[in-house]
1. Using alpha carbon centroids, what distance separates segment 494-554 and segment 444-469, in Å?
2. Say the cut-off is 32 Å between C-alpha atoms; which of Lys155/Lys397; Lys362/Lys524; Lys70/Lys426; Lys378/Lys573; Lys70/Lys337 go over it?
3. Compute the separation of the alpha-carbon centres of segment 298-319 and segment 235-284 and state it in Å as a whole number.
4. When Rg is the radius of gyration of the Cα atoms in segment 480-544 and Rh is its Kirkwood radius, what does Rg/Rh come to?
5. Using bins 10 angstrom wide from zero, how does P(r) for segment 436-496 break down, in % of all Cα pairs?
6. Using +1 at the Cβ of each Lys and Arg and -1 at the Cβ of each Asp and Glu in segment 465-579, identify which of Leu537, Ser491, Tyr467 lies farthest towards the dipole's positive end.
7. For segment 417-545, with equal point scatterers placed on the C-alpha atoms only and solvent neglected, what are the log10 I(q)/I(0) values from the Debye formula at q = 0.20 1/Å, to two decimals?
Amino acid sequence: MTASYVSDAFPPDEAQALRSHDDLCDIITLITSKPDAQRTALTEEYFSGRQRDRETLPEDEKQAFNLAIKAILMISCSYEEEAGSIESSIWRNDQSARDLVLATFPVRDHPNLNEPDESLPDIKSALRATRLKKVARLSFRGTDDLRNHLRMDLKTGVVELYHHTAFLKECLEVSKDTDVDPELPTSSDVVIIGAGISGALIAHRLLTDQSPNRPKSVLMLEARAAVSGATGRNGGHIKPDCYRGFTAYSKLHGSEVAVAQCTFEAANHRETLIYIRENGLDDEIDLVEYRSADVYLTENTWKAGLASYNGFKEAGGDVSEINVLSKAEAEEKLRIKSCFGAITFPASSLWPYKLAMAMIRKSLEAGLQLETNTPVLKVSRTDNEHGSWTVTTSRGKITANKVIHATNGYASHLLPELDGRIIPLKGHVAAIAPPPAYVDLPLSTSFAFVSDENYDYLIQRPGSQKYLIWGGGEGAHPNGPEGGYGDCDDSFAVPEVLDFIKEGPSWTFKGWKDSIESPSSRVKDPVPFAWSGIMGLSKDLLPFIGELPGKPGQYLIGGYHGHGMARVFLSTKAFCDLFLGQAIDPRVPSPYFDLESRLREPVDMSKVGDIL
């Protein structure tokens, strides 16, 4: 689409209206923020307020606004001096964006939805993404890079779609349109509750494994849209805890389990990368490999970090890929203003939403039935001799031989016995627009910043925007660091936490504040995106995997303790090994499977901050 704006077509002595894709995004933001302003006023406001050495050509300015409206509305547009055509919509100088929309998509041309229309079901069916994929052999994936908008890979039939909310969801989803097919299946061999990364990986394994115990059918139920929970909202890390948690794990489980746990997360990282590459997903999910740095901001946390590192090493842990940096080394190599030291190790970043959606897509191709917008209300014993379960949803009941709970932080909603064992915690994440110094020379590692009251973490995304995805800030909660415990509402973010996150780069990185205040800085909205998500903390720091005690046929996987991407791949592999009656990967720590004793007593919530 952006090829229609040819930047080198203008003489060198004339200023270009669009110097980069950032300019185009700025125009889009202006149009959408003032839908009732006339085109002339918007053009004048944008170009008069922009710093420039030379005047831009009026024709170039008009072409820039045409391109912006095309990105917003997915229509070709011309300005009023151009000859009209049946293929383009004219946006007049005295017309607002809202009026353009109404003129382009007039209500009178729409069928009266209050009157019966036998053609509507056929039209809806034909327009479904799944139908389009089947007939036209096309599939869609979201992108936050406007340069890739409408780009089609002729080999794979994948069309990329840009949207300014692409951080949280793709423009077209593989989710089934329940209005088109309102009939809910009445039975399934296996029902998976939860369409996040755990459910996606489990579904794909169960449907593609060659085991004789492979289920006859698998149905996935999701209360909202697919991957709308924590997987689609997290910060994008695969950041193994390969040493830092050793002291805490040792206190709760002994040094042998502590070594196994730190070793497990490093192995999970390696195996996840292998799996992504073997399935050809590395480009699709924006995979980036590098090292991650735990940066210690206080003397107490630095001493604790070194104690965990040394304890892990002395207990026989492999530290060959872990590097300890002094204060001077860390501040110089990592561009940190001030710290007491840092420890680095191999890690990666990716777009977790895209990974989960890719696995759901592959599962659908393997026979998965997916029902979104279908909250599960309860799971109860079926009154028959087969020992099956009845899954009651908002749309009806389903009989299942086996039920898998993969809802993580929400698990206790259907399983009250998990109250105080898997504890919901609201986390916060923001996308922060960097200044020129950190666009021209991006960060070379991912980070965690460890202080007495906060654990903040960030990656810098690839692509033209180079956003910093920053999470954490629990210490800024008005109710203290434990203020997010038990909070299951991800529909809003706590303002005080977001305010803290927004200021994070300024107090952390050298030259950030000076660069953002420099004349060359073009950062108009430093935090264009911010959101919250619900994590599932474990009462003893480790996930739960296996059949629920006293409920044969009901299974649990969850309690990743805010480290889902660093644990989920080998955890779901072990879950499926257990579920299918196969040998379990010995790298997975044995306490994961001991649900009987670990679920017996809840955590003391008055001491939850000391434990978790």
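A short reminder: the numbers here are calculations on the coordinates, not readings from a lab. What you see is a predicted model; the values in this text were computed from it and never measured. Positions of Cβ are backbone-derived with ideal geometry, glycine not excepted, and every protein chain shown enters the neighbour counts.
1. 9
2. Numbers: Lys155/Lys397 42 Å; Lys362/Lys524 40 Å; Lys70/Lys426 37 Å; Lys378/Lys573 27 Å; Lys70/Lys337 43 Å.
Those over the limit are Lys155/Lys397; Lys362/Lys524; Lys70/Lys426; Lys70/Lys337.
3. Each part's Cα centre sits 17 Å from the other's.
4. On the way: Rg = 16.6 Å, Rh = 14.9 Å.
My calculation of the ratio gives 1.11.
5. Pair shares across the bins are 19, 39, 29, 13, 0.
6. Checking the options against the dipole of segment 465-579, the answer is Tyr467.
7. -1.14
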